[in-house]
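Just below is one structure, and these are the notes that go with it.
The values are calculated or read from the model by the stated rules, or taken from the named source; none is laboratory data. Being a predicted model, the structure only gives us computed values, none of them experimental. We place every Cβ from the backbone using ideal geometry, glycine too, and count neighbours over all the protein chains shown. Ligands, DNA and RNA are stripped out before the accessible areas are found, and what is left, the full protein with its side chains, is counted by its heavy atoms. Shrake-Rupley method; radii C 1.70, N 1.55, O 1.52, S 1.80 Å.
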Amino acid sequence: MRTKLLFAGVLSAGIFAAGMAQAQNIKIGFHAPLTGFAAADGKSAVLGAQLAVEQINAKGGVNGKKLQLVIYDDQASPKNSAPIANKLISQDKVALAISGSYSGATRAAAGVFQKAKVPYIAAYAVHPSITKAGPYVFRTSFVGEVQGRAGAKLVGDILKKRRVVLITLKNDFGRSLVRGFKEKAAAYGVKIVSEYEYSIKNRQFGPIIAKVKADKPDAIYATGYFFTAGPLVRQLRAAGVKAVVIGQEGYDSQKFIKIAGKAAEGVVITTSLNRDSKRAVTLGFIKAFEKKAGYKADMVAATTHTAIYVAAAALKAAGSMDPAAIRAAIAKTTVNAATGQISFNSLGEVQKSVLVQVVRNGNWHFHSKIDDKMLLAPPTK
Amino acid sequence: MTELALLVQGLLDGSIYALIAVGLTLVYGLLRILHVAHAALFTLGGYVGVVVTNETGSFILALVAAMIVAGIAGMIIYRLVYQPILHLPPYVALIASIGLFIAMQEGFRFYDEQGVSYVNPPVQGTLELAGQTLQLAKIVTFFVAIILIGGLGLLAAKTRTGVAWRATVTMPAMAESFGINIIQVRYINFFIGSALAAVAGVMVSLTTNLVEPTSGDVWSYKALAIIVLGGLGSMRGTLIACFALGVLEAFATTTCVPLGNIQICLGEIMNRDAIAFAFLVIVLMIRPQGLFVRA
């Protein structure tokens, strides 16, 4: 009995001491799909965020305190992310939170954070409604429509292709991209010949490809993630379809090239990470990430890394743990991060240029840059 | 011309359904269990196929290894999961099966959460046929399915093992009293069904070049819809349902029907994977016993 009591005493003292140590840290909530179909992106998201935290802490942290990530697995599902948001707010008492997850999960959590007035940054979720949750919600990557508009410019103006087939992923990501694409297609002389939709679980595209082949397009604007686009592009090329394939940041992973193999050559995407960048921050990130992760950097890692740097800059500027002060600091911040010069508009949407990358010799390379401020203006309400 | 292409694609996809659904029908016919975890053996086959090909460079070896590994895994599943609960109501086995399916997915995640791909994907040729470019891998899948399932049919019809098998399916107690080892029949059943699912897993991996822990998801519930469509336990019905569904999906996901001024596109209204269930609901409304009743 006595030993048990003693043990309990030591244990509680230990917990108390640990609590004291943690009270010195600034907690940043983080949710990402660590398991489930999106686990690969979740892994990059966590590694990108951890890398940023390590780098910032190594330089002394923020205002004398260390950053500490509190990470939960949301399986990219809204039914998990909302309870996680509640836990991060009431139990972990985080200063702010970052979504390293997809649109569905991020939308569900955004409302919860807004209601509790805890600042929340979506690293790479694209759905427009996320930032509409309220002033406490920000996004460090493009809203889907903006990237879709950039896609239309890429196809019609830069690549000079006219007849386009859309192969659309039926979820928030695919649909908001295609909305933007359709909005600007005519302005760039692009004619949409036909559109096919597929679900996120699809890996077999035989029937769609048979139809695409008959459509004889100049270009294919195919929305998707590397795990859908890899098999799709591979099967398109195997069926003898030679039209150029235009993708988006969902393709942006070395894994896409690994899956699609030679078929990946010449695929062009709109994204946020420039592999041939001359900017020191981007170069430094690419190198440090590969060293930490053991594989090449991707868009997901770059944007979560960026989101942490935005959070750190805002925490430093706010100088307090007051959520309203932190929110105001994020809104005003300008950060030179891995994905570019980051600042936000009145809705909390990022303002930056779109980078176009192309696959050459089994690697992503610089293709062009879209800087048109009118075209890329994010929504303000 | 496009119609022909869609028909061909539908039949090719149907042959993959067939490879998976045959094992499921066998298990249902013998034990009256809806073996949801069957699709995990499809995934297991895919993993073994990719890993062995990458390690040894031999695709044939990988295919055989996948069949053996999945076949043995199927027998182990029967012995450890189903046999102890056979005397309980059928839903117990169903719940166990769903649990096992999830557990196996998590097991694959331990091995490689991001999924595996071929370093040098085998069987990547194409075939020009009547103005269409077809993937060799898909043609091979089709003929492999026909040969294996046809062979299985011959085995069941002509050999002693086949007779014992069919006897066990129709009247287990009577079969046992005639000296048939029904436990052995069940093991063979699980081995063959699982090995066929593994073949499907390997063949699909050739066209996608990606095997993920969740690769079996779609196939698991779709195969269940197929065997219900086929009349639960009827092999002929199951096979017809497989090819019918493949063709139906091919047309439904890509074709729009004009209705007055508007175009009705089924592919926009529902997912490709939902079509099987819509088809199932309609068939069950008209023919509650399924397309084909067990003879």
Q) Any idea what the relative contact order of the stretch B:1-87 is, in percent, if you count C-alpha pairs under 8 Å spaced at least 6 apart? A) 20
(Q) What is the sum of charges, Lys and Arg at +1 and Asp and Glu at -1, for the other residues whose Cβ falls under 14 Å from the Cβ of A:P207? (A) -1
**Q.** Disulfide-incompatible cysteines by the Cβ rule (no partner under 4.7 Å) in the protein assembly as shown
**A.** B:C242
Q) Using a 1.4 angstrom probe and counting only protein chains, how large is the accessible area of B:I146 in Å², to 10? A) 80
Q.
As an exercise, use a Förster radius of 51 Å and the Cβ-Cβ distance of B:L11 and A:K93 to find the FRET efficiency, rounded to the nearest 0.05.
A. 0.30
Q: Take every DSSP beta bridge with both residues inside the protein assembly as shown and express the antiparallel ones as a percent of the total, to the nearest 5.
A: 40
Q: Can you figure out the FRET efficiency of A:R162 with A:K291, using R₀ = 60 Å and their beta-carbon distance, to the nearest 0.05?
A: 0.85
(Q) Can you compute the helix-only [θ] at 222 nm over the protein assembly as shown? Use -39500 (n - 2.57) per DSSP H run of at least 4 residues, normalise by all residues, nearest 500 deg cm²/dmol. (A) -18000 deg cm²/dmol
**Q.** Most to least accessible of B:V218, B:V51 (protein chains only, probe 1.4 Å)
**A.** B:V51, B:V218
Q: Would you mind checking the tilt of helix A:226-238 against the longest principal axis of the Cα atoms of chain A, expressed as 0 to 90 degrees and rounded to 10?
A: 20
(Q) Going by Cα centres, the stretch B:6-78 and the stretch A:193-240 are how many Å apart? (A) 26
Q. Where in the stretch A:171-213 does the label zone of B:T255 land, with the point 7 angstrom along Cα→C-beta and an amide N cut-off under 14 Å?
A. A:207-208, A:211
Q.
Heavy atoms only, 1.4 Å probe, whole protein assembly: order A:L347, A:L166 by accessible area, highest first.
A. A:L347, A:L166
(Q) Do any residues of the stretch A:215-243 show a loss of at least 30 square angstrom of accessible area between the isolated chain and the full protein assembly, using a 1.4 Å probe, and if so which? (A) A:R234, A:Q235, A:A238
**Q.** At R0 = 51 Å, FRET efficiency that the Cβ-Cβ distance of A:Q254 and B:L86 yields, to 0.05
**A.** 0.60
Q. Given C-alpha coordinates of chain A, what is the ratio Rg to Rh with the Kirkwood estimate of Rh?
A. 1.02
**Q.** Long pairs among A:K43/A:K65; A:K93/A:K352; A:K79/A:K201, criterion Cα-Cα beyond 30 Å
**A.** A:K93/A:K352
**Q.** Peptide-level mean, for B:129-140, of C-beta atoms on other protein chains within 10 Å
**A.** 3
**Q.** Directionally averaged projected area (convex hull, Cα atoms, the stretch A:86-214), nm²
**A.** 9.1
(Q) So if I place +1 on the C-beta of Lys and Arg and -1 on the C-beta of Asp and Glu, and nothing else carries charge, what would the dipole magnitude of chain B be about its Cα centre? I want it in debye, nearest 20. (A) 1100
Q: Pairs of Cα atoms under 8 Å, at least six residues apart: use those to get the relative contact order of chain B, whole percent.
A: 34
Q.
What are the equivalent ellipsoid semi-axes of the stretch B:2-286, built from the alpha-carbon gyration tensor (square roots of five times its eigenvalues), in whole angstrom, biggest first?
A. 30, 24, 19
Q: May I ask for the net charge around A:G148, where only other residues with Cβ less than 11 Å from the Cβ of A:G148 are counted and Lys, Arg are +1 while Asp, Glu are -1?
A: +4
Q: Would you tell me the accessible area of B:H38, worked out with a 1.4 angstrom probe on the heavy atoms of the protein chains, in Å² to the nearest 10?
A: 10
Q | Evaluated at q = 0.11 Å⁻¹: base-10 log I(q)/I(0), Debye formula over Cα of the protein assembly as shown | A | -1.12
Q: Subtract the Cα-Cα distance of B:I269 and B:T170 from 0.36 nm times their separation in residues, and report this length gain in nm to one decimal.
A: 31.4 nm
Q) Relative contact order for chain A: what is it in percent, counting Cα pairs under 8 Å that are at least 6 residues apart? A) 16
